[in-house]
Amino acid sequence: MIDAIVLYGPTGVGKTQLAIELCRELGGEIIGADSVQVYRGFDIGSGKPTPGELGEVVHHLLDVLEPTETLDAMRYAALADAAIKRTADSGRVPIIAGGTGLWLRALLRGLVSVPAPDPELRAELEAEFRSDPAAARVKLSAIDPISAARVHPNDMLRTVRALEVHAQTGQALGALREEHALGQPRYRALVLGVDVPDPHYTAAIEQRTRGMLERGLVREVEGLVERFGSELRPLGSVGYMQALEHLQGAATLDETYQRIVQATRAYARRQRTWAKTDPDITLRLTPAEARETAALERIHTHLAR
């Protein structure tokens, strides 16, 4: 018998809605795996489900942090472990849904063993990144192409961590993680790789972006900046970064729409690259296929084993 069902796939592909439907079909609760939805106030741009959308379905790990706090993969795994236990103890099926691959890897396989952060080295690498992010990106691509393919060019934290581990060990963090991923799983999980053909995905992202802007994404970012300033780490995520640039006068609203669509597609490519190398994915299917009787029967079979 499996311990949990996991839905992984590109942002905006429909994982949350599918998770809600599976919860109703199987008697489950959702455990989020989204690195922005954990923050209070980051609602529209993260695609956070509303209470009305969730209905009677319980969703763990939404709104658990203030925007000024940080959450790394180790802490996420600990929070998710607790949520999975609470769900299972109540007789419900844990259904984990999200697109933050490293968090899911930490949850399902644990974290690779690397040296602790070196404060002096980290400060030096952070200064280099702030001075010339493009040069840091070139350096990372040369020594750790796997991490470079997965980390956003503006993500200082993950870029610096990969550079730091290489400086400490002489090994590429991306390769270490891939090797570690072949180790013993922490859970017996049925992992569904959820995706749709590219033309359909592009149309979905365009519609999703229009909806976010119409519902007030720019106003949401403006309010966050007024309360916390513009240096919040989650403001560097897709959608929020582009809305912030609009507020700073760097782009018109039409240009912001295009930038969000382009950034989302670029992020989705990295998520798909991650999914291709994920040894845990059991089934690869579209949300529509996951709702079909044959797929549901396979899921029920895994639950009963």
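Computed from the coordinates by the stated procedures, all read-outs in this text should not be read as laboratory data. Since we're looking at a predicted model, the values are computed, not measured. Quick reminder, even Gly has a Cβ in these numbers, built from the backbone with ideal geometry, and neighbours come from all protein chains shown.
If you plug the beta carbon distance of His302 and Ala149 into 1/(1 + (r/R0)^6) with R0 = 41 Å, you get a FRET efficiency near 0.85. The modelled label-to-label distance between Val64 and Arg186, using points 7 Å beyond Cα along the C-beta direction, is 1.1 nm. Applied to region 16-23, the Karplus parametrisation 6.51 cos²θ - 1.76 cosθ + 1.60 on θ = phi - 60° returns per-residue 3J(HN,Hα) values of 5, 4, 5, 4, 4, 5, 5, 4 Hz, with x for Gly and Pro. Peptides 121-127, 144-150 ranked from most to least packed, by the mean per-residue count of other Cβ atoms within 10 Å: 144-150, 121-127.
Considering only Ser141, Ser113, Ser237, the Gaussian network model of the chain with Cα springs below 10 Å gives its largest mean-square fluctuation to Ser113.
Taking amide H as placed 1.01 Å from N in the peptide plane, the amide H of Gly98 sits under 5 Å from that of Leu7, Gly9, Ala33, each at least 5 places away or on another chain.
Converting phi to 3J(HN,Hα) with the Karplus coefficients 6.51, -1.76 and 1.60 and the offset θ = phi - 60°, region 46-57 yields 8, x, 5, x, 7, x, x, 5, 6, x, 8, 7 Hz in sequence order, with x at every glycine or proline. Model label points for Leu26 and Glu214, set 7 angstrom from Cα along the Cα-to-Cβ axis, are 3.3 nm apart. Set against the labelled values [x] 36; [y] 52; [z] 40, percent of Cα pairs over 28 Å apart computed from this structure falls on [z]. A Förster radius of 22 Å, combined with the Cβ-Cβ distance separating Ala175 from Arg122, puts the computed FRET efficiency at roughly 0.60. Stretching the chain fully between Thr252 and Arg284 yields a gain of 7.7 nm (0.36 nm per residue, less the alpha carbon separation). Proximity of backbone amide H atoms, modeled 1.01 Å from N, is registered between His60 and Ile30, Ile31, Gly32 at under 5 Å, excluding neighbours fewer than 5 places apart on the same chain. Extending 7 Å from the Cα toward the beta-carbon at both Lys85 and Ser141 defines two label points whose distance is 4.5 nm.
Shown is the FRET efficiency for Ala134 and Thr202, computed with R0 = 22 Å from the Cβ-Cβ distance and rounded to the nearest 0.05: 0.20.
Listed by Cβ neighbour count within 10 Å, with the fewest neighbours leading, Met1, Met156 appear as Met1, Met156.
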